[in-house]
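The values are calculated or read from the model by the stated rules, or taken from the named source; none is laboratory data. Source: prediction; values computed, not measured. In this analysis, Cβ positions are derived from the backbone assuming ideal geometry, glycine residues included, and neighbour counts consider all displayed protein chains. For the accessible areas, the whole protein counts, side chains as well, though only heavy atoms, and no ligand, DNA or RNA atoms are used. Shrake-Rupley method; radii C 1.70, N 1.55, O 1.52, S 1.80 Å.
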Amino acid sequence: LDLVEDSNNAEVVEGNIKLTVSVSGDDGEIMWMYTENGVDFSPKSVTMTFEDGVLKELTDGYFLFNIATTEVTVETAEEAIAIARDAVEGFTWTADGVVVSDYTVVDEPVLAVFHPTLRTNSLDLVPYWEVRLYLDKVYAGGVNRLDVGIWADTGQVRRIVTKTG
């Protein structure tokens with residue numbers, strides 16, 4: 001914390017620890033997270049959240065999680081989106097007794113979030129992309145989007161999930 005010069009927003013990296021400080025009025029968040037090879041492992045962190053100057057939440061996952069790999073072959077959101085678009089070609093789902101196979105994925109909006117997650121039932125974190133692709137309308141079962149999970153280290157698709165709402 002000595003490296004933060006004032007009470008404004010800040011980001012400091014020292015070795016494998018990244019400190020981020022976000023302040024808005026009397027609210028704020030301080031997070032110490034593990035980082036390596038440009039990959040921020042936010043689940044492996046200690047976070048303090050303040051509201052009206054009072055500590056409201058303390059989350060400590062730093063010693064809970066391990067790092068399985070820092071290798072990233074899918075480096076950009078654009079690469080992840082392209083993999084996701086390819087993955088949903090030919091994807092089908094069944095809702096209300098109807099098999100849905102003829103649907104249209106729109107170009108925009110699209111959302112790609114890089115967030116390391118667990119690959120197995122262990123506590124080992126792996127770089128990961130979650131891509132949200134929107135559909136042109138609401139299909140059977142209320143489905144209007146598809147979420148595609150992609151392992152950033154291998155480029156393999158973990159899952160495709162239908163979403164509603």
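Any idea which of GLY149, GLY142 is over 22 Å from PHE65 (Cα atoms) and either of a type outside the set (Asp, Glu) or open to solvent by 40 Å² or more (accessible area, probe 1.4 Å) (or both)? Can you show your working first?
Working: GLY149 fails: over 22 Å from PHE65 (Cα atoms).
So the residue among GLY149, GLY142 that is over 22 Å from PHE65 (Cα atoms) and either of a type outside the set (Asp, Glu) or open to solvent by 40 Å² or more (accessible area, probe 1.4 Å) (or both) is GLY142.
The conditions of being within 21 Å of ARG159 (Cα to Cα), in contact with a Pro (Cβ under 6 Å, 6 or more places away or on another chain) and either of a type in the set (A, V, I, L, M) or at pLDDT below 95 (or both) are met by VAL72.
Checked against (1) modelled with pLDDT of 95 or more; (2) under 30 Å from THR154 (Cβ atoms), ASN37 meets all criteria but (1).
Remark: THR49 falls outside the filter, which requires a residue to be surrounded by 17 or more Cβ atoms within 10 Å (Cβ to Cβ) and either of a type outside the set (S, T, N, Q) or not in a loop (DSSP other than H, G, I, E, B) (or both).
Of the residues examined, ALA82 is not one that is in contact with a helix residue (DSSP H, G or I) (Cβ under 6 Å, 6 or more places away or on another chain), within 22 Å of GLY38 (Cβ to Cβ) and open to solvent by 20 Å² or more (accessible area, probe 1.4 Å). In region 95-106, of all residues being touching a strand residue (DSSP E or B) at 6+ places or on another chain (Cβ under 7 Å) and outside any loop (DSSP other than H, G, I, E, B), the one that is nearest to GLN156 (Cα to Cα) corresponds to VAL105. Which numbered condition trips up ASP27, out of (1) open to solvent by 80 Å² or more (accessible area, probe 1.4 Å); (2) touching a strand residue (DSSP E or B) at 6+ places or on another chain (Cβ under 8 Å); (3) modelled with pLDDT under 90? Answer for ASP27: the failing condition is (1). Checked against (1) under 24 Å from ILE150 (Cα atoms); (2) open to solvent by 90 Å² or more (accessible area, probe 1.4 Å); (3) among the aliphatic types (A, V, I, L, M), LEU58 passes all but condition (1).
Right, PHE63: open to solvent by 90 Å² or more (accessible area, probe 1.4 Å), not in a strand (DSSP E or B) and not acidic (Asp, Glu) or not? Give the derivation first.
Values: open to solvent by 90 Å² or more (accessible area, probe 1.4 Å): yes; not in a strand (DSSP E or B): yes; not acidic (Asp, Glu): yes.
Considered against the rule, which asks whether it is open to solvent by 90 Å² or more (accessible area, probe 1.4 Å), not in a strand (DSSP E or B) and not acidic (Asp, Glu), PHE63 comes out as yes.
For region 110-122, taking the residues that are more than 12 Å from the chain's Cα centre (by Cα) and open to solvent by less than 70 Å² (accessible area, probe 1.4 Å), the one that is nearest to VAL161 (Cα to Cα) is identified as VAL110.
Any residue at all in region 75-85 that's out of contact with any strand residue (DSSP E or B) (no Cβ under 6 Å at 6 or more places or on another chain) and β-branched (Val, Ile, Thr)?
Among the residues of region 75-85, at least one is out of contact with any strand residue (DSSP E or B) (no Cβ under 6 Å at 6 or more places or on another chain) and β-branched (Val, Ile, Thr), which makes the answer yes.
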